[in-house]
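Below: one structure, written as structure tokens.
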Amino acid sequence: MNKKISKKGSSKLVLSQIIYIILVIIFSVVMIAYVVRSGNQSAVKEEVYAKQIALSIDKAKPGTEIDINLNELNKIAQSNKYNGKIINIDNQKNSVNIHLALGNGYTYRFFSENDISWNINSDEEGKPNQLIILIS
Amino acid sequence: MVKKLNKRADDEVILSPFFFLMLAIVGIAIVTAVVVIMSSNSDIRVGEAKTLNDRLVYAIDDNGYLNDKIIKGGFDIFQDSDMNSQMFENTNDFYFNVQIYDENNQLKYSFVKGNKDFEIQCGLNGKKLAKCYSREIALLNPEESGQIFRVKIFSGVNSGDVK
């Protein structure tokens with residue numbers, strides 16, 4: 001039994017398979033990077049934190065103290081080289097604003113009429129690491 | 001027996017337009033899945049509608065009795081539930097409807113505020129439509145022992161993004 005396989009043909013086959021594998025690897029890397037980045041994007045975190053804080057305020061009864069760790073937000077703000085105010089809770093407008101990069105940040109409203117006083121504690125390096133909200 | 005292998009055909013199978021179409025379909029599926037998961041994770045409207053409903057119950061329910069200010073007068077639903085009335089009057093993001101029936105199924109008291117369109121929107125399916133929560137509770141009459149009021153509380157919330 002004779003098989004005729006030209007050297008030129010087989011090298012072409014190997015080349016096309018290598019290109020195929022490279023394309024699949026590039027595609028996989030791009031997709032994995034996209035999924036990982038989507039989870040860590042500052043826009044997503046701004047939205048999640050603003051909504052969580054607003055919902056916590058709405059759910060809280062007078063006398064409640066809410067403590068929120070800000071380390072994750074700090075890291076994102078630092079990676080974006082943003083040094084401004086990360087959080088603002090506006091009692092007049094009934095809104096929470098989270099700001100992790102240049103721009104307007106993300107603002108979400110709440111409907112609670114309770115008095116809200118809030119304070120940000122900083123670590124030894126002066127970086128804000130804890131948000132304390134008091135509902136009265 | 002001589003067998004000629006068609007290498008060009010193999011090349012075409014591996015790097016054919018079908019291969020790129022397949023990559024595009026998989027890519028679009030992943031991007032769509034990520035967008036859907038991310039948006040659903042941060043959608044708190046159902047939680048807000050339930051919280052709004054809880055606050056209304058908190059205002060109406062006085063340890064199992066109907067708040068007697070509703071019967072005697074002087075009841076302010078916003079003041080008694082610690083809610084900001086401006087958010088219901090100046091935005092289209094909130095709605096509630098509280099209906100209080102007596103034992104004869106007669107509507108005795110009603111409190112409605114906000115975007116009434118939510119009554120319809122909540123019966124429909126759609127991502128951008130309002131999310132709602134409703135419940136029915138029974139409360140005792142503080143004026144007449146043994147008499148029960150049936151209270152229907154419906155609350156709805158839509159996007160609270162502040163642009």
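Here region A:67-136 and region B:102-158 have alpha carbon centers that stand 35 Å from each other.
Rounded, prolate or oblate for region B:30-111? Axes are the square roots of the Cα gyration tensor eigenvalues, ordered a ≥ b ≥ c, and the cut-off for rounded is a/c under 1.5. Judged from the Cα gyration tensor, region B:30-111 comes out prolate (a/c at least 1.5, a/b above b/c). For chain A, adding -39500 (n - 2.57) for each run of n ≥ 4 DSSP H residues and dividing by the number of residues yields -15500 deg cm²/dmol at 222 nm. Computed from the C-alpha gyration tensor, the three semi-axes of the ellipsoid equivalent to chain B are 59, 17, 11 Å, from longest to shortest. Taking amide H atoms as placed 1.01 Å from N in the peptide plane, the amide H of B:TYR95 lies under 5 Å from those of B:ASN115, B:GLY156, each 5 or more residues away in sequence or on another chain. Helix check for chain A. Which DSSP H runs span at least 24 Å along their own axis by Cα, with a mean Kyte-Doolittle hydropathy no less than 0.5? Correct list, ordered by number: A:7-40. Once the Cα atoms are used to define both axes, helix B:17-41 deviates from the longest principal axis of chain B by about 20 degrees. Normalising the Debye intensity of the protein assembly as shown to I(0), with uniform scatterers on Cα atoms only, and taking log10 at q = 0.16 Å⁻¹ returns -1.25.
Going through region B:36-120, which GluC sites (Glu not before Pro) have at most 15 other Cβ atoms within 10 Å and a DSSP loop state?
Working: sites: B:GLU48, B:GLU89, B:GLU103, B:GLU119; in loops: B:GLU103.
The qualifying sites are B:GLU103.
In chain A the Cα-Cα distances spread across 5 Å bins starting at 0 as 2, 9, 15, 16, 12, 9, 6, 4, 4, 4, 4, 4, 3, 3, 3, 2, 1, 0, 0 percent of all pairs.
In deg cm²/dmol, rounded to 500, what helix-only [θ] at 222 nm does chain B give when every DSSP H run of at least 4 residues adds -39500 (n - 2.57) and the total is split over its residues?
Details: 7 runs with 67 residues, N = 163.
Calculated at 222 nm, the ellipticity per residue is -12000 deg cm²/dmol.
Taking a threshold of 23 Å on the Cα-Cα distance, which of the pairs B:LYS72/B:LYS113; A:LYS61/B:LYS50; A:LYS61/B:LYS127; B:LYS50/B:LYS113; A:LYS93/B:LYS72; A:LYS51/B:LYS152 fall above it? Among B:LYS72/B:LYS113; A:LYS61/B:LYS50; A:LYS61/B:LYS127; B:LYS50/B:LYS113; A:LYS93/B:LYS72; A:LYS51/B:LYS152, the Cα-Cα distance tops 23 Å for A:LYS61/B:LYS127; A:LYS93/B:LYS72; A:LYS51/B:LYS152. For region B:122-130, backbone phi angles converted through the Karplus equation (6.51, -1.76, 1.60; θ = phi - 60°) give residue-by-residue couplings of 6, x, 10, 9, x, 5, 8, 7, 4 Hz, Gly and Pro being listed as x.
Any read-out appearing in this document is the output of simple, stated calculations on the displayed coordinates, not a laboratory observation. Owing to the predicted nature of the structure, the values given are computational and were not obtained by experimental measurement. Glycine gets a Cβ as well: all are built from the backbone with ideal geometry, and neighbour counts include every protein chain shown.
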